[in-house]
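Enquirer: First, the structure itself, so that you have it in front of you.
Read-outs throughout are calculated quantities, based only on the coordinates presented, and are distinct from any laboratory measurement. Because the structure is predicted, anything quoted here is derived from the model rather than measured. Here the Cβ positions follow ideal geometry from the backbone for every residue, glycine too, while neighbour counts run over all protein chains shown.
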Amino acid sequence: QWSLALSDAQIAALPAASQAALAGYRQHSNGAATLREMFTVRRDLPEFVRSLAAEIETGQSCAVVDVAFVNAGDLALGELLERMPALSQLAAYGGWNTAGNTLGCVLAHAVIRHLQTLHGATPEAIAAHVRFLFLRLVEDDLFMARLRTQIAVEDLPALGLPITLGNVGEHAETVRALVERKLGEAAAQLAQERFIGRQAQAGDAAILLEALTLTDVELPWGRLFDLTMNVDARYVIG
């Protein structure tokens with residue numbers, strides 16, 4: 001999605017090999033299908049996010065099952081969610097892998113969070129909810145929908161590699177360090193704008209978030225397709 005959303009000027013600034021690869025992808029059946037879904041008139045994402053924010057404001061438990069595209073969140077939806085002030089109050093979010101995996105993951109998380117709001121929870125359990133919500137947003141939206149393709153298109157050719165989400169061989173540590181730096185910067189911005197200074201509550205217990213930090217960012221199979229990481233949270237109780 002990220003590469004298909006580039007303007008002509010942005011494409012012209014890419015290396016020649018990247019320009020050729022993107023031109024071919026746009027004509028490929030997968031690229032054409034993604035373009036149709038991205039710009040179909042059947043989608044009204046601003047209204048979806050407006051309604052979502054309104055429901056959260058009333059105290060409803062709301063979760064987002066992001067299954068428009070396989071193996072990544074919806075780039076356009078993610079950009080709107082990132083601008084939603086109540087993002088940290090979502091019960092759950094997911095957009096990874098298959099629709100079935102996403103649905104199961106989000107429903108399980110949302111049920112747990114809803115039970116927290118009904119029956120209360122310890123500060124540690126509330127923090128675990130926040131960490132997992134933040135992790136899914138970072139991985140499925142920031143990384144899968146945006147940064148991994150951006151790195152593949154902009155950075156891999158400079159290493160002498162083709163545009164790929166597959167194995168990068170001897171460059172694995174260099175690419176991992178790129179992911180750690182760029183994803184860390186994007187995650188820090190999301191945390192600062194939508195999580196830090198916000199309260200998460202369950203019954204009579206509440207925490208005030210002071211920091212959310214990515215740790216242990218790894219590419220376990222030496223490829224950009226997937227990654228593992230953890231989220232550390234610092235908070236005060238009450």
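Enquirer: Using only the Cα atoms of the range 46-142, what are the Rg and Dmax in Å?
Expert: When restricted to the Cα atoms of the range 46-142, Rg and Dmax are 12.7, 35 Å.
Enquirer: As an exercise, identify the chymotrypsin sites (Phe, Trp or Tyr not before Pro) in the range 33-119 lying in DSSP coil whose Cβ has no more than 16 other Cβ atoms within 10 Å.
Expert: Filter output for the range 33-119: Phe39.
Enquirer: How high is the FRET efficiency between Val236 and Arg181 when r is their beta carbon distance and R₀ equals 35 Å, given to the nearest 0.05?
Expert: On the way: r = 29 Å, r/R0 = 0.83.
Efficiency, rounded to the nearest 0.05: 0.75.
Enquirer: Continuing with this model, one more query. As a test of the formula, what do you get for the chain when each DSSP H run with n ≥ 4 contributes -39,500 (n - 2.57) and the sum is divided by the residue count, at 222 nm and rounded to the nearest 500 deg cm²/dmol?
Expert: Working: 9 runs with 113 residues, N = 238.
The per-residue figure over the chain is -15000 deg cm²/dmol.
Enquirer: Below 15 angstrom from the Cβ of Arg42, what's the summed charge of the other residues (Lys, Arg +1; Asp, Glu -1)?
Expert: Numbers: positive: Arg36, Arg43; negative: Glu37, Asp44, Glu47, Asp74.
Taking every Cβ under 15 Å from that of Arg42, the sum is -2.
Enquirer: May I pose another question? Fewest first, what order do Ser7, Ser51 take by the number of other Cβ atoms within 10 Å? Spell out each step's value before the answer.
Expert: Working: Ser7 8, Ser51 12.
Lowest to highest Cβ neighbour count: Ser7, Ser51.
Enquirer: Is the range 1-59 best put as rounded, prolate or oblate by its Cα gyration tensor, with a ≥ b ≥ c the root eigenvalues, rounded for a/c under 1.5, and otherwise prolate when a/b is larger than b/c, oblate when not? Each step should come with its number before you reach the end.
Expert: On the way: a/c = 4.16, a/b = 2.36, b/c = 1.76.
Taking the square roots of the gyration eigenvalues as a ≥ b ≥ c, the range 1-59 is prolate.
Enquirer: While we're on this one: How many nm separate the modelled label positions at Gln10 and Asp204, each set 7 Å beyond the Cα in the direction of the Cβ?
Expert: With each label placed 7 Å out from Cα toward Cβ, I get 5.1 nm.
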